[in-house]
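Here the structure comes first, spelled out in structure tokens, and everything after it is commentary.
The values are calculated or read from the model by the stated rules, or taken from the named source; none is laboratory data. Note that the coordinates shown come from a computational prediction; the quantities given were computed from them, not determined experimentally. As a convention, Cβ positions derive from the backbone with ideal geometry for all residues, glycine included, and neighbour counts pool all protein chains shown. In case anyone asks, the SASA skips ligands and DNA or RNA and just uses the protein heavy atoms, side chains included. Shrake-Rupley method; radii C 1.70, N 1.55, O 1.52, S 1.80 Å.
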Amino acid sequence: MNPAERIARLRAEIRHHEERYYVLADPEIADAEFDQLMHELERLEIDHPDLVTPDSPTQRVAGRPVEGFETVQHAAPMLSLDNAYNEEELRAFDERVRNGLAVDDIVYIAELKIDGLSIALTYEDGRLVRGATRGDGFQGEDVTANVRVIRAIPLVLAGAPSGRLEIRGEIFLSRVAFERVNREREEREEPVFANPRNAAAGTMRMLDAAEVARRRLRAFVYEVLLVSTRPDAVPASHGDALAALASWGLPVEPNAKRCVGIEELLGHCRDWAERRRTLDFDTDGLVIKVDDRGLRDRLGSTAKFPRWATAFKFPAEQATTLLKEIRVNVGRTGAATPYAVLEPVRLGGTTISMATLHNEQDIQRKDVRPGDWVLIEKGGDVIPKVVKPIVDRRPAGEFPKWTMPTVCPFCESALQKPEEEVVWRCENISCPARVRRSLEHFASRRAMNIEGLGESLADQLVTTGLVKDYADLYALRIETVAALTATTLREGKELVRKFGEKSATKLTEQIDRSRKADLSRLLYAVGIRHVGEGGAQALARGFGSMRALLDAPVEALETVPDVGPVVARAVRSFLDEPRNRELIEKLQRAGVNMTSAVVDVAGADRSLAGKTFVLTGTLASMSRDEAAEAIKGRGGKVAGSVSAKTSYLVVGTDAGSKLEKARSLSVPILTEDEFKALIMKDVGI
């Protein structure tokens, strides 16, 4: 099979599996197998750039962030919907429709109302050419680059009519994805999204499509408009139009139902008021539409709403209960967050015993006090929150306001709150609460890179007292780890087994290997506030050793490129905490490396500035991430594919197709020893 045929077959196979996974929620292969298909296609397209097309699955993610969004015109206005908040209002809508058409019963299509961001997708001859937000209904923002990374949305339609089509839909986040996004934002100390709709809208307005892809947005489409095609290309009924959209490979929410008359419609609405809790995404109601498109045209629209559709909103789910206590939780970065401990109450199909209170200022603004009866609701039907206290039920007499504790409830270190911030923090990195949340980060691939140290094991290590801080990891013995338990899921059942000597040996070997990690990895791993990968690398380059950092004043920290006043103050605050200094000394005694091989001081090696490197194969003496850090530290750049602009290809064992490509382009090739000689000649290694 020639490359063009194999590429065409791979694209068709990948799109098939994308549809099975993202549209039909019924995957046929494992994620690893899907990744293998993608990697094979990527390699073939690198080797044959003339065969790359805009609709290839490899071309979803844009190469760089855009600078802004242009405003574009919709093919037809994207009108809002009128709302019906109860059965009486829905009956009134039905009466208006029947009176307007002079008929006894109407056939409706009832679709779940997705809590997301409206989108308009334009296809020309079956190929996606534009994605735009609703905007003001007449024009919206061109977010095509972001739409392309949503794998539920096909870049090419299967069997769609020729010409130009505009397809309307909704972009949204699943409940699991929403919780993950908010959890990540909390860890970065960014404001959390109030609900999935806000999260989806915020995501689609990001300028970096690669970051949008990481949010794992989903989509459902619900309408198709003719722009320039045959008059009979779209079916005359809405139900048939939904079926056509699905047949073209577009994601259509599968629970739409055809209802004849108002009584059947009301029964369907009552049914979904309860069933909605079984979904993995948020819905706040049903969209009711007249099925017959000809009848829709007769009814027409007002200036704001179509007369042939309405949104039936489910009642808000709220409950009252007793707020027994306000406690404080401490996260990985030390942020101390208050939360409510409630008398258990049923809400939205689950029993609620805790709810968020956001921060100290939110509690003061609402005047929520322990012992209050409070109104709670599920924010976006996901996160329970305290709406307000029921003041009329507050006991008479002395009923003190709640005040934020000044001492960490887990380690008794003093909590700190800078004047310009609203969040209190525990600066003790050995705080048990912080350790529990941060061990996974410490072990992550871009930090100390300890494979096998996941959530379950981290929790056991802290709970059993084996690990009280990061340094304790380096004292773990094989037999101790082997006695711990591991949980696996098999045929729907959880099986608990001993961790085992083989797994324990592998883990301790990984831990031992991490002692040699560069200082930049350690600085990122220990979780200094505001210090990400880039900041950690800059600090390691600027000072070269932990000792130099420990003695550096804020003014010296600010002189490092990419380290501003905020980061400098955070680093100084972290290093000034006595328990953190004790931890650093303990890590050093455990043999953890405290220096950087890449130092960016006066006269430092910048010999790779302006040069672009590509890495391929497995390096014996370092990971590819470490090699990339060494290149960047000397001013060089690292690219993912070989081109005529590549300065060097660094080759390890089991080199792939990049080696052949470099030879064909006469790109200089370095062995691992030659590469080490190049990057280490000026640092005494």
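Note that segment 435-446 has calculated 3J(HN,Hα) couplings of 4, 4, 7, 9, 4, 4, 5, 4, 8, 5, 4, 8 Hz, one per residue in order, obtained from phi through the Karplus relation 6.51 cos²θ - 1.76 cosθ + 1.60 (θ = phi - 60°); glycine and proline are x. Quickly work out the L550-to-K468 label distance, labels modelled 7 Å from Cα along the C-beta direction, and quote it in nm with one decimal. Each label point is offset 7 Å from its Cα along the Cβ direction, giving 2.0 nm.
Hey, what angle do you get for helix 87-101 against the long axis of the chain, alpha-carbon based, 0 to 90 degrees rounded to 10? Helix 87-101 sits roughly 50 degrees off the main axis of the chain. The phi-based Karplus calculation (6.51 cos²θ - 1.76 cosθ + 1.60; θ = phi - 60°) puts the 3J(HN,Hα) values of segment 636-652 at x, 10, 10, 10, x, 9, 7, 9, 5, 8, 5, 7, 8, 10, 9, 10, x Hz, whole numbers, x for Gly and Pro.
Pairwise Cα separations in the chain fall into 20 Å bins from 0 onward with the following percentages, short to long: 14, 41, 36, 9, 0.
Think of a 1.4 Å ball rolled over the protein heavy atoms: the chain then has 48 Å² of accessible area per residue. Extension gain, E509-H39: 0.36 nm per intervening residue step, less the Cα-Cα distance, totals 166.2 nm.
The spread of Cα positions in segment 555-669, taken along each principal axis and listed from longest to shortest, comes to 57, 31, 23 Å. Projecting the Cα positions of G636, T653, L619 onto the charge dipole of segment 617-663 (unit charges on Cβ atoms of Lys, Arg, Asp and Glu, taken about the Cα centre) puts G636 furthest along the positive direction.
Can you tell me what share of the DSSP beta bridges in the chain is antiparallel? A percent to the nearest 5 is fine. Counting only bridges with both partners in the chain, antiparallel ones make up about 85 percent. Amide H to amide H distances under 5 Å link A84 with A311, F312, K313, where only residues 5 or more positions off or on other chains count and H is placed in the peptide plane. Using alpha carbon coordinates only, what is the Rg to Rh ratio of segment 329-446, with Rh defined as the Kirkwood radius? Rounded to two decimals, Rg/Rh equals 1.02.
With the helix formula -39500 (n - 2.57) applied to DSSP H stretches of n ≥ 4, the chain reaches a computed 222 nm mean residue ellipticity of -10000 deg cm²/dmol. Note on D673/E419: beta-carbon distance plugged into 1/(1 + (r/R0)^6) with R0 of 56 Å gives a FRET efficiency of 0.55. Extension gain for N329-Q460 works out to 45.3 nm (0.36 nm per residue, less the C-alpha to C-alpha distance). Site pair V345 and R589 shows an inter-label distance of 5.2 nm when each label is modelled 7 Å from Cα along Cα→Cβ. Between H16 and K388, how high is the FRET efficiency from 1/(1 + (r/R0)^6) when r is the Cβ-Cβ distance and R₀ = 51 Å? Nearest 0.05. According to the calculation, E is roughly 0.50. Expressed as a fraction of 2.2 N^0.38 Å, the value expected for a compact globular protein of N residues, the C-alpha radius of gyration of segment 265-415 is 1.46.
Apolar share of the accessible surface for the chain: 49 percent from carbon plus sulfur atoms, 1.4 Å probe. Each peptide in 286-299, 430-443 gets a packing score, the mean of other Cβ atoms within 10 Å over its residues, and the list from highest to lowest is 430-443, 286-299. Summarising the amide proton neighbourhood of G285: residues at separation of 5 or more, or on other chains, whose placed amide H is nearer than 5 Å comprise K113, F314.
Extending 7 Å from the Cα toward the beta-carbon at both E28 and A303 defines two label points whose distance is 5.3 nm. Rounded to the nearest 20 debye, the dipole magnitude of the chain is 920 debye, with +1 charges on Lys and Arg beta carbons, -1 on Asp and Glu beta carbons, and the Cα centre as origin. In this structure the amide hydrogen of V252, modeled in the peptide plane, comes within under 5 Å of the amide hydrogens of V221, none closer than 5 places in sequence on its chain. Of all lysines in the structure, those lying under 23 Å Cα to Cα from K378, and not within fewer than 8 positions of it along the same chain, are K113, K313, K324, K366, K388. Size check on segment 95-219: the Cα extents along the three principal axes, sorted descending, read 59, 37, 26 Å.
Working note: Karplus 6.51/-1.76/1.60 with θ = phi - 60° gives segment 549-564 the couplings 5, 4, 9, 7, x, 4, 4, 5, 4, 5, 6, 6, x, 6, 10, x Hz, where Gly and Pro are set to x. Helix 261-275 sits at what angle to the longest principal axis of the chain, using alpha carbons and giving 0 to 90 degrees rounded to 10? Relative to the chain, helix 261-275 is tipped by roughly 20 degrees.
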